[in-house]
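The values are calculated or read from the model by the stated rules, or taken from the named source; none is laboratory data. On a predicted model such as this, the values are computed, not experimentally measured, just so you know. Cβ atoms come from the backbone with ideal geometry, glycine included; neighbour counts cover every protein chain shown.
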Amino acid sequence: MSVANYFESLDYGPAPEADTNVRDWLKSHDASFGHFIDGAFRPSKDGKTLSTHEPATGDELAKIAQGSAEDVDDAVAAAAKAQEPWEALGGKGRARHIYALARMVQRHARLFAVLEALDNGKPIRETRDLDIPLVARHFYHHAGWAELQDTELADHKPIGVVGQIIPWNFPLLMLAWKVAPALALGNTVVLKPAEATPLTALLFAELAARSGLPAGVLNVITGDGSTGAALVKHDGVGKIAFTGSTEVGRIIRAETAGSGKSLTLELGGKSPFIVFDDADMESAVEGVVDAIWFNQGQVCCAGSRLLVHEGIHDRFIARLKERMNSLRVGHPLDKAIDMGAIIEQSQLERISALVGKGVEEGAEAYVPDIATPDRGCFYPPTLLTGVEPASTVATEEIFGPVMVAMSFRTPDEAVELANNTRYGLAASVWSENMNLALDIAPQLKAGVVWVNATNLFDAGVGFGGYRESGYGREGGLEGAYEYLKPKAWAARKPRKPAPPVPVVEATDSFEPMAVDRTAKLYVGGKQVRPDGNYSLTVISPKGKVIGEMGEGNRKDIRNAVQAARKASGWATASTHLRAQILYYLGENLSARTGEFVARLSAMTGVKKSDAEREVETAIDRFFTYAAWADKFDGAVHSPPLRGVALAMNEPIGVAGVICPDEAPLLSFVSLVAPLMAMGNRVVAVPSERYGLIAADFYQVLETSDVPAGVINIVTGYTKELAKTLADHDDVDAIWAFGGSDVSEMAEARSVGNMKRTFVDNGLATNWYDPKVAEGRLFLRNAVQVKNIWIPYGE
Amino acid sequence: MSEIIPMGETGTSAPGLHGNAIARNPGQALELDWVNEIQVNRSAVERRCTTLGGRRSVKKDAQAGWLLKAITCMDLTTLNGDDTAARVRRLCAKARQPVRPDLLEALGVADRGITTGAVCVYHRFVAEAVDALDGTFIPVAAVSTGFPAGLSPHDTKLREIEASVADGAREIDIVVTREHVLTGNWQALYDEMRDFRAACGEAHVKAILATGDLRTLRNVARASMVCMMAGADFIKTSTGKETANATLPVSLVMLRMIRHYQERTGHLVGFKPAGGISTAKDVLAYQVLMKEELGRRWLEPDLLRFGASSLLADIERQLEHHVTGRYSAYNRHPMA
């Protein structure tokens, strides 16, 4: 077209970004890459390779190595060798390196941006303006944590060798989210980039080495899922950090159960985008564009369920359709597009199939009449209206440029619809009424809530999910802890085997009490008979029968969870009230010291003075968590925008607690109290051997104003009850202490709803040592952080 | 989005600018409910503006075409205390021939009769400018109503408009009384604007909101809507004399109001950003914003004007660069 033509048409014309430098870089490697291990590229031991392609054209970009278990061994060995000197460098020494990485990314920003756009298919605008600047930001921010580590995180140490597995949707950004904190805090890394998008990670590793990062500190191993599986299984890895599908996250959880590996999972989502009738509608429409047509909708936190107030629904949808007509889809290196290519054919087919299914189930699809390239892997922006919550497309993550729309009548219903999902990654709330927006945000089950915004990210603000969207946070201090372990905690030793259960003396009767007392279960604020109506015998170390306690079964667990679920008021009760009740529990326990001392001595055979110490420490522990209840505050982050991000510590919900046999009263209190303090409801399974101590506790509960359902106690066979709790899909967290087998089972069975787990892996906790047995570690495990982004300005 | 509304489709009889006729906005009753429900989220508006530059790019031949179009949308302006008749004549000569003929030839648009959209002066020089532009289609625009502060007596403002129209001004750029907006007195704003429009008669009226004085985007949005209801043909950001001039966020808000008004009434209202738009890069950003928010139709001079004095010189340099491949200098282009 000529100038004169453009003068008339005012079309945009072609505006391609040059790819010469990237092609030159590929050529310099003969478009063929090995793994990056111990500071250098090396081919797979078995010589196997894979190809990576340009989604926009289907052309092959490069050959990459297909990693085998042997290659993973090499990478882990290199990382292990490098770890000690890397840790010994100290925070300040590492800060220099991480800073150098940030500067390196900035110096090569365009090379990274173009390579990412080619390998992934996303628009150069996004890689250039969003991905790469955020990558640099993450390294800057974490250079800061390294700098401050020796003073601010002095009681923690690095985990060691970390295995990290990242997805194809933000290849280099996910590398930064994982590598920056891990390295900054003294770990070394084996990173496996996605099979479809390995190139920016390889470029990063090469340039990092050139900028002075010691060999072995960062290793990149390429390959398909089997390579990732080998990394997950590897014994030399202390932690796995994974971002990807919930399906794979589940497999990783099950695979690492009982291994003692710490785990961060960033999984799928079906995030709501809620528009109230007092929103700036034009901006909300633009928000939808940023929510679901950013990165072709291949975003785990994409706002993909549009919930619009019924009164403005039709106007909003009409305007949204009009807006869709001006979206442009094209080659990723075209500087005048909104959307690029879908990652690969199989994804395209999956998106098509789901949209087809949606239409089949009654939705109406709107696809604007806009041009898409003839060649390559492209899918047009799509809006499905008339979708019901029961539709497949309303529940399944589509992971493509497809928005599904529904309406709501009231704020309550908006929250209900928003939370009507197995996921809980992000949410977006649009309203000009601050009262409304700040009322809704805490009610949403999501790790990130954006008020009048969407898809905002920053290295200083934690990111991560609730529910089946995973656990752990990335970014900020909340993310830093994921790559550390408390020194005191790390010093625990394996638990000594329990003494054998004594043989009951020939006299099979127990000393009669003045009046018979029946130990039942404690559910919903009442003592109830076990469903099966069986009892277990509790025997003293000398073989004397001390008493009987209820034998709870699956149904008792079910009832207890139901009661706990109903006690939702505890989560929103004031922290002052929760503190008062915890103090009151301590007070009432104190009043019964004699009774508990006697029981402990009789059951466990400890000296009276030891039993007194246990009761005394248990009282202290209640006081400790009463003190914490109104002090474990969140944070106000300052991301680079006019506004704030509120990091709120929210209760997880209903937690199952499996207690160990040692210090049966103190361990029970040490596990239950922090959960209560943070607003969780608890279903506790006390020590199998000494469960009567919990039964004695019912009367303390009954006299301490604990609302019904906040604590429920089911005595019985630990493994059977733990299994039911870990399996239960309405239990949000499980804490399992007592034996490595129980830990493993709890972790393995937590995958149904991806509950948060906190286990001891059979390591003994000294419940008397506050450094190990109380405080921030327990509190952090008792909450999940929600970050509410609030940009402001009139 | 790029569909062009054909001439006369909306049933006009009034002659439009450059003969590309659309119906004038007749205005309508003041609807306060509609004004008060307007919401603007500043952060979200700014985000849209920040990212737009990366979403659209106009390069090479397309850029030259767009810049030539921008010239046709330019209100070539002089509004200074030291203006004289000769200064205004020089400006008019530039308006007639804004780009060196050899450049137009090289760009293949010599036959397009490219002139600026209008010449904009104070009332005192209207007659001079009309005379200097005799034989062209270039209208003369007069700033009026006690420009720039707009604090003259209301009747004086109306007489000022009438005098400029009598002298041959075909466009009147009025300023609103900011007090009405700042105090939320929408009825007073509406009445004032209604009177201005009536006083203009056949002349088109551009309502200057002086957005820098209004401070908040919500004020800008509501004032835009009230002025359109009262019959403004154009809404315009600034006089160029406030401390803050046209910005993309202010413009985005005004464009969205223009779209709402069109949706509800069917009438097309024009937009004129003014003040501080001095580079080719700036003007392209505004053109992209217009095209994305309102569509291709709003890139023509009957719906888009740029109030500018130094912008043209920068565009000329860019056009020469496009022709020669070498960076240009100001002294190679005749001054206005």
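This table checks each residue for (1) within 29 Å of the chain's Cα centre (by Cα); (2) under 27 Å from B:Ala62 (Cβ atoms); (3) not acidic (Asp, Glu).
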| site | (1), (2), (3) |
| --- | --- |
| A:His331 | no, yes, yes |
| A:Asp334 | no, yes, no |
| A:Gln347 | yes, no, yes |
| A:Gly356 | no, no, yes |
| A:Val359 | no, no, yes |
| A:Thr385 | no, no, yes |
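Residues that are more than 14 Å from chain B (Cβ to nearest Cβ), in a loop (DSSP other than H, G, I, E, B) and hydrophobic (A, V, I, L, M, F, W, C) occur in the stretch A:49-58; there is at least one.
Is one or more of the residues making up the stretch A:403-420 in a loop (DSSP other than H, G, I, E, B) and buried (at least 24 other Cβ atoms within 10 Å of the Cβ)? No, there is no match, as no residue in the stretch A:403-420 is in a loop (DSSP other than H, G, I, E, B) and buried (at least 24 other Cβ atoms within 10 Å of the Cβ).
None of A:Ser32, A:Ser2 is within 14 Å of chain B (Cβ to nearest Cβ) and loosely packed, with under 15 Cβ neighbours inside 10 Å except A:Ser2. Residues of the stretch A:41-58 that are within 15 Å of A:Ala201 (Cβ to Cβ) and either more than 32 Å from the chain's Cα centre (by Cα) or of a type outside the set (Val, Ile, Thr) (or both): A:Phe41, A:Leu50.
Show me the strands (runs of 3 or more DSSP E) entirely contained within the stretch B:212-317 in which 2 or more residues are touching a strand residue (DSSP E or B) at 6+ places or on another chain (Cβ under 7 Å) and within 28 Å of B:Asp33 (Cβ to Cβ). First the steps, then the outcome.
Working: elements: B:234-236, B:270-272, B:306-308.
Where strands (runs of 3 or more DSSP E) fall fully within the stretch B:212-317 and carry at least 2 residues being touching a strand residue (DSSP E or B) at 6+ places or on another chain (Cβ under 7 Å) and within 28 Å of B:Asp33 (Cβ to Cβ), they are B:234-236, B:270-272.
Within the stretch A:407-431, the set of residues being out of contact with any His (no Cβ under 9 Å at 6 or more places or on another chain) and among the aliphatic types (A, V, I, L, M) comprises A:Val415, A:Leu417, A:Ala418, A:Leu425, A:Ala426, A:Ala427, A:Val429. Mind listing just one residue for me: the one in the stretch A:294-323 that is farther than 21 Å from B:Glu37 by Cβ and not hydrophobic (A, V, I, L, M, F, W, C) and, of those, surrounded by the fewest Cβ atoms within 10 Å (Cβ to Cβ)? Going through the qualifying residues, I end up with A:Lys321. Within the stretch A:314-335, the set of residues being more than 10 Å from chain B (Cβ to nearest Cβ) and assigned to a helix (DSSP H, G or I) comprises A:Asp314, A:Phe316, A:Ile317, A:Leu320, A:Lys321, A:Met324. Listed by first and then second residue, the pairs linking a residue in the stretch B:300-321 that is over 15 Å from B:Lys69 (Cβ atoms) to a residue that is β-branched (Val, Ile, Thr), with Cβ atoms under 7 Å apart and 6 or more places separating them unless they lie on different chains, are B:Gly307/B:Thr77; B:Ser309/B:Thr77; B:Ser309/B:Thr78; B:Asp314/B:Thr279.
Of A:Glu432, A:Glu468, all but one fail to be of a type in the set (Asp, Glu) and either in contact with a Gly (Cβ under 7 Å, 6 or more places away or on another chain) or closer than 30 Å to A:Ile240 by Cα (or both); the exception is A:Glu468. Could you list, in sequence order, all residues of the stretch B:23-46 that are touching a strand residue (DSSP E or B) at 6+ places or on another chain (Cβ under 9 Å) and facing chain A (nearest Cβ under 7 Å)? Passing the criteria: B:Asn41, B:Arg42, B:Ser43, B:Ala44. Taking the stretch A:711-764 as the range and being farther than 19 Å from A:Ala782 by Cβ, in contact with a helix residue (DSSP H, G or I) (Cβ under 9 Å, 6 or more places away or on another chain) and among the hydroxyl-bearing types (Ser, Thr, Tyr) as the test, the residues that pass are A:Thr715, A:Thr718, A:Thr724. Quick check, is B:Ala329 closer than 28 Å to B:Ala129 by Cα, more than 13 Å from every other protein chain (Cβ to nearest Cβ) and more than 13 Å from the chain's Cα centre (by Cα)? When the stated conditions are applied, B:Ala329 does not pass them.
Yes/no matrix, rows are residues, columns are (1) surrounded by fewer than 24 Cβ atoms within 10 Å (Cβ to Cβ); (2) more than 19 Å from B:Ala118 (Cα to Cα); (3) away from every other protein chain (no Cβ under 14 Å):
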site: B:Glu171; (1), (2), (3): no, no, yes
site: B:Ile174; (1), (2), (3): no, no, yes
site: B:Asn185; (1), (2), (3): yes, yes, yes
site: B:Glu192; (1), (2), (3): no, yes, yes
site: B:Ala198; (1), (2), (3): yes, yes, yes
site: B:Met229; (1), (2), (3): no, yes, yes
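Report whether or not A:Asp71 is surrounded by 17 or more Cβ atoms within 10 Å (Cβ to Cβ) and either in contact with a helix residue (DSSP H, G or I) (Cβ under 7 Å, 6 or more places away or on another chain) or modelled with pLDDT under 95 (or both). No: the conditions fail for A:Asp71. Using beta carbons and a limit of 7 Å, which pairs, at least six apart or on different chains, have the first residue in the stretch A:756-775 and aliphatic (A, V, I, L, M) and the second one assigned to a strand (DSSP E or B) and modelled with pLDDT of 95 or more? So the pair list comes out as A:Val759/A:Ala736; A:Leu763/A:Pro494; A:Ala764/A:Pro494. Report yes if some residue within the stretch A:664-679 is surrounded by fewer than 21 Cβ atoms within 10 Å (Cβ to Cβ) and touching an Asp or Glu at 6+ places or on another chain (Cβ under 8 Å); otherwise report no. Scanning the stretch A:664-679 turns up no residue that is surrounded by fewer than 21 Cβ atoms within 10 Å (Cβ to Cβ) and touching an Asp or Glu at 6+ places or on another chain (Cβ under 8 Å).
A:Asp338 meets each of the listed conditions (1) more than 30 Å from A:Pro411 (Cβ to Cβ); (2) modelled with pLDDT of 95 or more; (3) more than 14 Å from every other protein chain (Cβ to nearest Cβ) apart from (3). The strands (runs of 3 or more DSSP E) found entirely in the stretch A:704-794 that carry 1 or more residues being farther than 26 Å from A:Ile557 by Cα are A:783-791.
Could you tell me whether the stretch A:624-636 includes any residue that is outside any loop (DSSP other than H, G, I, E, B), in contact with a strand residue (DSSP E or B) (Cβ under 9 Å, 6 or more places away or on another chain), surrounded by fewer than 24 Cβ atoms within 10 Å (Cβ to Cβ) and without any contact (Cβ under 8 Å) to a residue 40 or more places away in the chain?
Filtering the stretch A:624-636 down to residues outside any loop (DSSP other than H, G, I, E, B) leaves A:624-629, A:635-636.
After this cut, where a residue has to be in contact with a strand residue (DSSP E or B) (Cβ under 9 Å, 6 or more places away or on another chain) as well, the list is A:635-636.
Now drop any that are not surrounded by fewer than 24 Cβ atoms within 10 Å (Cβ to Cβ), which leaves A:635-636.
After this cut, where a residue has to be without any contact (Cβ under 8 Å) to a residue 40 or more places away in the chain as well, the list is A:636.
Yes; the residues of the stretch A:624-636 include at least one that is outside any loop (DSSP other than H, G, I, E, B), in contact with a strand residue (DSSP E or B) (Cβ under 9 Å, 6 or more places away or on another chain), surrounded by fewer than 24 Cβ atoms within 10 Å (Cβ to Cβ) and without any contact (Cβ under 8 Å) to a residue 40 or more places away in the chain.
Residue-level check: of (1) in contact with a Lys or Arg (Cβ under 6 Å, 6 or more places away or on another chain); (2) within 14 Å of chain B (Cβ to nearest Cβ), A:Pro272 misses just (2). From the list B:Val283, B:Val205, B:Val253, the one residue that fits, being over 28 Å from B:Val140 (Cβ atoms) and crowded, with 22+ Cβ neighbours inside 10 Å, is B:Val253. Once the stretch A:275-313 is narrowed to residues that are within 13 Å of another protein chain (Cβ to nearest Cβ) and among the charged types (D, E, K, R), the residue that is nearest to A:Gly386 (Cα to Cα) is A:Asp277. Of all residues in the stretch B:57-80, those being within 8 Å of chain A (Cβ to nearest Cβ), in a loop (DSSP other than H, G, I, E, B) and crowded, with 23+ Cβ neighbours inside 10 Å number 1.
What are the residues in the stretch B:26-48 that are buried (at least 17 other Cβ atoms within 10 Å of the Cβ), assigned to a helix (DSSP H, G or I) and touching a residue at least 60 places away in the same chain (Cβ under 8 Å), if any?
If we filter the stretch B:26-48 for residues that are buried (at least 17 other Cβ atoms within 10 Å of the Cβ), which is where we start, we get B:27, B:30, B:35, B:38-48.
Pick out the ones that are also assigned to a helix (DSSP H, G or I) and you get B:35, B:42-48.
Once the filter is applied, which keeps residues that are buried (at least 17 other Cβ atoms within 10 Å of the Cβ), assigned to a helix (DSSP H, G or I) and touching a residue at least 60 places away in the same chain (Cβ under 8 Å), the stretch B:26-48 yields B:Val35, B:Arg42, B:Val45, B:Glu46, B:Arg48.
For the stretch A:40-50, the set of residues classified as touching a residue at least 60 places away in the same chain (Cβ under 8 Å) and farther than 12 Å from A:Asp74 by Cβ consists of A:Phe41, A:Leu50, listed by residue number.
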